[in-house]
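Trainee: Structure incoming, see below.
The values are calculated or read from the model by the stated rules, or taken from the named source; none is laboratory data. Remember, predicted model here, so these are calculated numbers, not experimental data. Cβ coordinates were reconstructed from backbone atoms using ideal geometry, including for glycine residues, and neighbour counts include every protein chain displayed. Each accessible area value is taken on the protein alone, full model and side chains, heavy atoms only, with ligands, DNA and RNA left out. Shrake-Rupley method; radii C 1.70, N 1.55, O 1.52, S 1.80 Å.
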Amino acid sequence: QLQLVESGGGLVQPGGSLRLSCAASGATLDYYAIRWFRQAPGKEREGVSCISRSGGGTNYADSVKGRFTISRNDAKNTVYLQMNSLKPEDTAIYYCAADRRCGSSQGPLYWGQGTQVTVSS
């Protein structure tokens, strides 16, 4: 059973940066594609980014493209989301999830509990 724990969230001013981490235990992350989702109060959960099992394939929501970068370090069993040029509309709880592949039409296999990101002056 794979367990995922997010960390790195917090309060940051507009234009600032944060790096979120998704640390795995119970299994190795290299078997899974890893997705980042976010959900703001009163809004639908949206997909933010995904990285393939090999790390060679990535995708991003249009709203974060050019500002966020997803990466993985399988030796550390961790996936990262580097968030730059943060905007107030990026405020949300961010979740990582393990999936079969980035293109999966089914829901993720495992979810973390989330970490709060607040962008405010």
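Trainee: Can G8 be described as in contact with a Lys or Arg (Cβ under 7 Å, 6 or more places away or on another chain) and at pLDDT 95 or above?
Mentor: Answer is yes for this residue.
Trainee: Right, something else. Check every one of the strands (runs of 3 or more DSSP E) wholly within region 46-98 and list those with 3 or more residues that are without any contact (Cβ under 8 Å) to a residue 60 or more places away in the chain and open to solvent by 40 Å² or more (accessible area, probe 1.4 Å).
Mentor: Here the list reads 58-60, 68-73.
Trainee: Within region 12-56, which residues are under 14 Å from the mean Cα position of the chain (by Cα) and among the acidic types (D, E)?
Mentor: If the condition is that a residue be under 14 Å from the mean Cα position of the chain (by Cα) and among the acidic types (D, E), then E46 is the only one that fits.
Trainee: Take the residues of region 1-45 that are of a type in the set (F, W, Y) and in a strand (DSSP E or B): which is least open to solvent (accessible area, probe 1.4 Å)?
Mentor: In the first step, residues of region 1-45 are kept if they are of a type in the set (F, W, Y); the result is 31-32, 36-37.
Filter once more, so that each one left must be in a strand (DSSP E or B): 36-37.
Details: W36: 1, F37: 26 Å².
If we take residues in region 1-45 being of a type in the set (F, W, Y) and in a strand (DSSP E or B), then W36 is least open to solvent (accessible area, probe 1.4 Å).
Trainee: So, one more: Among the residues of region 99-121, write down those that are of a type outside the set (D, E, K, R), open to solvent by 70 Å² or more (accessible area, probe 1.4 Å) and in contact (Cβ under 8 Å) with a residue 60 or more places away in the chain.
Mentor: Within region 99-121, L109, W111, Q113, Q116, S121 qualify.
Trainee: For the list (1) in contact (Cβ under 8 Å) with a residue 12 or more places away in the chain; (2) more than 13 Å from W111 (Cα to Cα), I need the number of the one condition that A24 fails.
Mentor: Condition (2) is where A24 drops out.
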